[in-house]
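Okay, structure first, notes after.
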Amino acid sequence: MFPSISPAQEIGLAVLLVAALVWVVGLGHMLWDSRFHRPEPVPCEPLPMIPAQRGSTGHPMESVQLTEAEEQAFAGLIRTIPLH
C-alpha cells in the first residue's frame, strides 16, 4: 500500500482505522438513540433510614447544659469571628 512503511505498520494502521470507524459508528448510534428514547424520570422516594424531624426542639441527648464560664468563653469566641 505505502512503499515507505513496513507490512506490520500497514496492518496496525488498518486496525487503528477500523477501531476508529467502529467507535464513531457506536458513538453516533448512542447519540441517535438517546435523542429519541428518553427514560421516564423516577420520582424521588424519601430514604427510609433517615428519620423525619420532630420539630424545632431537638432530642434531649442532643443538647448540653453549659456552665456560666463556658457560656462566657463561647460568647468571647463568637465575638472573635469576623462577620465580613
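The values are calculated or read from the model by the stated rules, or taken from the named source; none is laboratory data. Given the structure is predicted, the values throughout are model-derived calculations rather than measurements. Neighbour counts are summed over all protein chains in view; Cβ atoms, including those assigned to glycine, are modelled from backbone coordinates with ideal geometry. Accessible surface is based on the protein model in full, side chains and every heavy atom, while ligands, DNA and RNA are left aside. Shrake-Rupley method; radii C 1.70, N 1.55, O 1.52, S 1.80 Å.
To the nearest 10 Å², what's Leu13's accessible area with a 1.4 Å probe?
The accessible area comes out at roughly 70 Å².
Using 7 Å Cα-to-Cβ label points, what is the Gln65/Leu31 separation (nm, one decimal)?
6.9
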